[in-house]
Amino acid sequence: MRPFGKESKNKIAVRLWCSSGLYKGVGLAQSGQYHTMVEEQVDYRVLHVFIFSLGFLDEQFVQLEELQDDVNPNFVEEIVTLFYTDSVRLIYNIERALMSNPPNFTKLDDYMHQFKGSCSSIGAKKVKIECTKFSEYCAAENFEGCFRTFQQINLEYTTLKKKLETYFQVSHV
């Protein structure tokens, strides 16, 4: 984890919340500004709402959180870390398969099926949706569609990873 310097994790959470536009109607901030709130009031729940409201995660993530307890307080973070470790291998396999000429759509779909399963296990909603599109392009043997969708998968995956890293940092306050 990276140190935050002088700015507290809770203030970062407020800034992320407010810059997202989700503050409207909540009375936290006005038009791009953020106000310091009582630190106890702003915690990982702010980011939780933020990540869910933007559709990055689904109920599977909540179910993982419900399995977390005092005996294993980092359960969700450990599961997500395993997801990232497995994802590196799967993404590499998909990239390699996309470079083959002619493309083997069956192999591409098999790799994507594995990746989609991993995404489902942590509730990575947006990534999972793109995986489904990729599989549809594989079924149609549409290489261009596969390639474009894989770029979108990488974007959604990277965005989710950054948001979850921040979420876990703030949750350790």
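The values are calculated or read from the model by the stated rules, or taken from the named source; none is laboratory data. All figures in this text were calculated on a predicted structure; none of them were measured in a lab. Cβ coordinates were reconstructed from backbone atoms using ideal geometry, including for glycine residues, and neighbour counts include every protein chain displayed.
So which of 116, 133, 161, 126 ends up being under 20 Å from residue 60 (Cβ atoms), in contact with a Gly (Cβ under 7 Å, 6 or more places away or on another chain) and at pLDDT 95 or above?
On inspection, the qualifying residue turns out to be 126.
With a cut-off of at least 2 residues that are surrounded by 15 or more Cβ atoms within 10 Å (Cβ to Cβ) and of a type in the set (Lys, Arg), name the helices (runs of 4 or more DSSP H) lying wholly within the range 73-173.
Working: elements: 75-99, 105-122, 125-139, 143-171.
In the range 73-173, 105-122, 125-139, 143-171 are the helices (runs of 4 or more DSSP H) which contain 2 or more residues that are surrounded by 15 or more Cβ atoms within 10 Å (Cβ to Cβ) and of a type in the set (Lys, Arg).
Tell me the residue from 133, 116, 107, 163 that is touching a residue at least 60 places away in the same chain (Cβ under 8 Å) and charged (D, E, K, R), please. Give the derivation first.
Details: 133 fails: touching a residue at least 60 places away in the same chain (Cβ under 8 Å); 116 fails: touching a residue at least 60 places away in the same chain (Cβ under 8 Å); 107 fails: touching a residue at least 60 places away in the same chain (Cβ under 8 Å).
Being touching a residue at least 60 places away in the same chain (Cβ under 8 Å) and charged (D, E, K, R) holds for just one of 133, 116, 107, 163, which is 163.
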